[in-house]
1. Across the range 249-315, how large is the tail of the calculated P(r) beyond 19 Å, expressed as a percent of all Cα pairs?
2. What residue among P53, M101, L79 has its Cα farthest toward the positive end of the dipole of the range 38-143, where the charges are +1 on Lys, Arg and -1 on Asp, Glu, each on the Cβ?
3. What does the net charge come to around V315 if you take all other residues with beta carbon closer than 15 Å to its beta carbon, with K and R at +1 and D and E at -1?
4. In a solvent-free Debye calculation with one equal scatterer on each Cα, what is log10 I(q)/I(0) for the range 1-112 at q = 0.20 Å⁻¹, listed in the order of the q values?
5. What is the distance, in nm, between label points placed 7 Å from the Cα along the Cα-to-Cβ direction at E287 and at R308?
6. Of I288, G62, Y197, which is farthest along the charge dipole of the chain in the positive direction, counting Lys and Arg as +1 and Asp and Glu as -1 at C-beta?
7. K192's amide H: which non-local residues (gap 5+, or another chain) put their own amide H closer than 5 Å, with H modeled 1.01 Å from N in plane and none for Pro or chain starts?
8. Could you give the length gained by full extension between T219 and H108, i.e. 0.36 nm per residue of separation minus their alpha carbon distance, to one decimal place?
Amino acid sequence: MLKKVLLSGLQPSGKPHIGNYFGAMKQFVDLQNEYDSYLFIADYHALHSLQNPMEMRENIIGVVLDYLAIGIDPKKVTLFQQSDISEHTELCWIFDTITTMPYLARAHAYKDALAKDKEVDVGTFNYPILMAADILLYSPDIVPVGADQKQHVEIARDTAQKFNNTFGETFKLPEPFIKDEVAVVPGTDGKKMSKSYGNTIPLFAEYEEIKKCVMGIVTDSSTGIPKNVYAIHNLLRPASELLPIYKEKEGKYRELKELLVEDLEKFIAPLRERRKKFEKNIPLVLEILKNGAEAAKKVASRKMNEVREKIGVKV
Ligand code: ADP
Ligand code: TRP
């Protein structure tokens, strides 16, 4: 029986944090045996915020190392760069022609950018349509992401529907796959953990860095249980184990934070060590990307041929 298809992407925008891991990356590992998986590095998506070629190169390799360190098996998963498959940008253009500006103006990412900047780049405005192309080329059944990406997967769904209505059945409608418990992992200040808020715990942090992050968690003194400490701790241990400990140490914030440091170190240390091992083998990373690009190209070009036929440019 054919396996169902999973697809997701990560931008090469810097060090991943435990919010990225629990919200999205862990699902890729957990599901890699069950699904035919496509994971790609969304380098063209990152270009609107990362315009430094050295950093771009380093980060792209970094994402592969991150994936390998968390246990992605490149024999099971097609791991590739978005920029290697020109069909992504080609299909994006075709989708642009069936998408209206008022529709895209409702996207959260654009509205957020507009609130910060006076002049938003066209790439940021069009971001969800490139993402729709990323997704729809591979006909995935599920797209595992954190809650902040839900609207983008819905836009991909709408775009598929619009294309199918205009040109005939071509694209499968994708579903976001969001685990409720980790849909929004909170940061050290209680807000959503995000690179842009400076409230993260890096996934491959060294011990001292973990300590610094945890000691900086904002504690709320209105109850005996420090909410923000508990929320992060609960990613690592179930409530049945944690609640008795938090009850026993009620009000002892420092001790609870020290315990969290130790639990985080136990969880992070093996990942950190694995990443260091892979860092010594960059040729392996390049080989994985080359093989991944070849495999992805086959699927994407087949779909693109179908699209060209449907829209009538194949004469
Ligand atoms: P950031 O906000 O830190 O820049 P990204 O936009 O690079 O994170 O997100 C990469 C993936 O991790 C996406 O699937 C996103 O939904 C998920 N993710 C990011 N932050 C969180 C979080 N705090 N909780 C759950 N998932 C998250
Ligand atoms: N926009 C996603 C993020 O910022 C990355 C991404 C790009 C993606 N294309 C995708 C995720 C397709 C899932 C599917 O995290």
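The values are calculated or read from the model by the stated rules, or taken from the named source; none is laboratory data. It should be emphasised that the depicted structure is a prediction, and the values quoted were computed from it without experimental measurement. With ideal geometry, Cβ positions are generated from the backbone for all residues, glycine too; neighbour counts draw on all protein chains shown. Heavy atoms of the whole protein, side chains included, go into the accessibility calculation; ligands, DNA and RNA do not. Shrake-Rupley method; radii C 1.70, N 1.55, O 1.52, S 1.80 Å.
1. Numbers: 1479 of 2211 pairs.
The calculated P(r) of the range 249-315 puts 67 percent of pairs beyond 19 Å.
2. M101
3. Values: positive: R308, K310, K314; negative: E309.
Local charge sum for V315: +2.
4. -1.19
5. For E287 paired with R308, the spin-label model returns 3.3 nm.
6. I288
7. Placed amide hydrogens put G187 under 5 Å from K192.
8. On the way: separation 111, 0.36 × 111 = 39.96 nm, distance 2.97 nm.
Length gained between T219 and H108: 37.0 nm.
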